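The values are calculated or read from the model by the stated rules, or taken from the named source; none is laboratory data. All values derive from a computational prediction rather than experimental measurement. Don't worry about glycine lacking a Cβ; one is built from the backbone with ideal geometry, like all the others, and counts go over all protein chains shown.
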């Protein structure tokens, strides 16, 4: 079953097991961080950073009208049109091991490879706050990699590697329903 909360930190899988019977914590279309990383082709860091730097929201933020999930969907579309595979992520950057009902934010994650070193870099792009950063955290993400030349902040919060990962907006919308 792909629909469980990911967790690269110790204890996440145990926390999810306790919530397994609650449908609101078990989105049907979400990937875990590890599943998303395994399924994704690696984009070049410079390509991903270029898309992220040139993205401009099509509207003005207004809660419930045009907000983080709308911006993440636009950004996901921009990445995919540029040939850069990405995932939309729903989570809560203030909580560890959040249940699906605790999620209150949406952003985009791109799994990259630094072309000069071959090391993996996990980029988090939060359009609502204008963040493009290398996530410092999961094994293999190489968040501390020197990516300043690509305009990427090193070591952003590992919370951006937590959440429910979606490979397309339709799956995300289906799991969210009318919630947002």
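Would a scan of the range 39-56 turn up a residue that is at pLDDT 80 or above, crowded, with 19+ Cβ neighbours inside 10 Å, more than 30 Å from residue 119 (Cα to Cα) and within 17 Å of the chain's Cα centre (by Cα)? So far as the range 39-56 goes, no, none of its residues is at pLDDT 80 or above, crowded, with 19+ Cβ neighbours inside 10 Å, more than 30 Å from residue 119 (Cα to Cα) and within 17 Å of the chain's Cα centre (by Cα).
Scanning the range 66-118 for residues that are in a loop (DSSP other than H, G, I, E, B), modelled with pLDDT of 90 or more and buried (at least 20 other Cβ atoms within 10 Å of the Cβ) yields 84, 86, 103.
When residue 61 is tested against the conditions (1) farther than 18 Å from residue 172 by Cβ; (2) touching a strand residue (DSSP E or B) at 6+ places or on another chain (Cβ under 7 Å); (3) modelled with pLDDT of 85 or more, the lone failure is (2). What are the pairs, 6+ residues apart or on separate chains, where a residue within the range 119-148 that is at positive phi and modelled with pLDDT under 75 has its Cβ under 7 Å from a residue that is surrounded by 24 or more Cβ atoms within 10 Å (Cβ to Cβ) and in a strand (DSSP E or B)? Sorted first by the residue in the range 119-148, then by its partner, the pairs are 142/121.
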